[in-house]
Amino acid sequence: MNSEIASSQVAPKNLAAFILAGNATFTVRSQKTGTRFTYKVRQPKADAPHFVSLLSGSDNENDFSFLGTIFNASSFVFGRKSRVSPDAPSARAAQWVVSRVLKGQELTNCEIWHEGRCGKCNRKLTVPESIDSGIGPECAKRLGMA
């Protein structure tokens, strides 16, 4: 993550809204092993699917590789054109996290951290409640969270 941006853990009750907001970047960290993977979940238009990408290089702004797609905010499908194997630990982690979040299930031994920016508009978060949810106050209103 960019060193000038503070990261914050997303509250479990806000995970689905944050991940599906349309412009989310987050890091998943295993509490058991300390292993972490960073993902972007983008939705180009309101009626389009969400595209999941994995940070796969050292440039944490531009080195993201397509991993899969979330359809109808309910299922994650690995992309045929993904350069990442579905058996790779990063791909398995994405599948596990996204599937559990979409089903409203608890994430055990796992933390989700956002980069301090709104999951919808990508503006820097400054309001404490927004830092907790990963969604800024104006975007929360538009998403029906406020």
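Pick from 97, 127, 52: which is among the β-branched types (Val, Ile, Thr) and at pLDDT 95 or above?
Details: 97 fails: at pLDDT 95 or above; 127 fails: at pLDDT 95 or above.
Exactly one residue qualifies, and that residue is 52.
Could you go through the range 101-115 and let me know if any residue there is part of a loop (DSSP other than H, G, I, E, B) and in contact with a Cys (Cβ under 8 Å, 6 or more places away or on another chain).
Checking the range 101-115: not a single residue is part of a loop (DSSP other than H, G, I, E, B) and in contact with a Cys (Cβ under 8 Å, 6 or more places away or on another chain).
Any residue that is without any contact (Cβ under 8 Å) to a residue 12 or more places away in the chain, part of a strand (DSSP E or B) and farther than 20 Å from residue 139 by Cβ - is there at least one of those in the range 47-67?
At the first step, the residues of the range 47-67 found to be without any contact (Cβ under 8 Å) to a residue 12 or more places away in the chain are 47-48, 57-59, 62-63.
Narrowing further to those that are part of a strand (DSSP E or B): none.
No, every residue in the range 47-67 fails to be without any contact (Cβ under 8 Å) to a residue 12 or more places away in the chain, part of a strand (DSSP E or B) and farther than 20 Å from residue 139 by Cβ.
Mind checking which residues of the range 21-75 are touching a Gly at 6+ places or on another chain (Cβ under 6 Å) and buried (at least 20 other Cβ atoms within 10 Å of the Cβ)?
Hits for the range 21-75 are 21, 24, 52, 68.
Looking for something touching a residue at least 24 places away in the same chain (Cβ under 8 Å) and among the hydroxyl-bearing types (Ser, Thr, Tyr) - is there at least one such residue anywhere in the range 106-128? Full working, then the answer.
First, the residues of the range 106-128 that are touching a residue at least 24 places away in the same chain (Cβ under 8 Å): 106-107, 109-122, 124-125.
Adding the requirement that they be among the hydroxyl-bearing types (Ser, Thr, Tyr) leaves none.
Within the range 106-128, none of the residues are touching a residue at least 24 places away in the same chain (Cβ under 8 Å) and among the hydroxyl-bearing types (Ser, Thr, Tyr).
Considering only residues of the range 68-85 that are part of a strand (DSSP E or B) and out of contact with any Phe, Trp or Tyr (no Cβ under 8 Å at 6 or more places or on another chain), which is farthest from residue 139 (Cα to Cα)? Walk me through it before giving the result.
Going residue by residue through the range 68-85, those that are part of a strand (DSSP E or B) are 68-71, 75-78.
Next, only the ones that are out of contact with any Phe, Trp or Tyr (no Cβ under 8 Å at 6 or more places or on another chain) stay: 71, 75-76, 78.
On the way: 71: 22, 75: 24, 76: 24, 78: 29 Å.
Once the filter is applied, the top-ranked residue is 78.
Could you go through the range 134-144 and let me know if any residue there is farther than 16 Å from residue 10 by Cβ, outside any helix (DSSP H, G or I), of a type outside the set (Phe, Trp, Tyr) and modelled with pLDDT of 95 or more.
Scanning the range 134-144 turns up no residue that is farther than 16 Å from residue 10 by Cβ, outside any helix (DSSP H, G or I), of a type outside the set (Phe, Trp, Tyr) and modelled with pLDDT of 95 or more.
In this structure, does residue 119 turn out to be touching a Cys at 6+ places or on another chain (Cβ under 9 Å), crowded, with 17+ Cβ neighbours inside 10 Å and on the phi > 0 side of the Ramachandran plot?
Details: touching a Cys at 6+ places or on another chain (Cβ under 9 Å): yes; crowded, with 17+ Cβ neighbours inside 10 Å: yes; on the phi > 0 side of the Ramachandran plot: no.
For residue 119, the condition - touching a Cys at 6+ places or on another chain (Cβ under 9 Å), crowded, with 17+ Cβ neighbours inside 10 Å and on the phi > 0 side of the Ramachandran plot - is not met.
If I filter the range 87-103 down to residues being free of Cβ contacts under 8 Å to residues at least 40 places away in the same chain and open to solvent by 70 Å² or more (accessible area, probe 1.4 Å), which single residue comes out as farthest from residue 35 (Cα to Cα)?
Filtering the range 87-103 for residues that are free of Cβ contacts under 8 Å to residues at least 40 places away in the same chain and open to solvent by 70 Å² or more (accessible area, probe 1.4 Å), the one farthest from residue 35 (Cα to Cα) comes out as 103.
One residue is enough: does the range 133-145 have a residue meeting the conditions closer than 17 Å to residue 26 by Cα, open to solvent by 20 Å² or more (accessible area, probe 1.4 Å), out of contact with any Leu (no Cβ under 6 Å at 6 or more places or on another chain) and not hydroxyl-bearing (Ser, Thr, Tyr)? I'd like the intermediate steps shown before the answer.
From the range 133-145, those closer than 17 Å to residue 26 by Cα are 133-136; that's our starting set.
In the following step, the residues that additionally are open to solvent by 20 Å² or more (accessible area, probe 1.4 Å) were identified as none.
Scanning the range 133-145 turns up no residue that is closer than 17 Å to residue 26 by Cα, open to solvent by 20 Å² or more (accessible area, probe 1.4 Å), out of contact with any Leu (no Cβ under 6 Å at 6 or more places or on another chain) and not hydroxyl-bearing (Ser, Thr, Tyr).
The values are calculated or read from the model by the stated rules, or taken from the named source; none is laboratory data. Note that the structure is predicted; figures quoted are calculated from it, not measured. Using ideal geometry, Cβ is built from the backbone for each residue, glycine included, and neighbour counts are taken over all protein chains shown. Ligands, DNA and RNA are stripped out before the accessible areas are found, and what is left, the full protein with its side chains, is counted by its heavy atoms. Shrake-Rupley method; radii C 1.70, N 1.55, O 1.52, S 1.80 Å.
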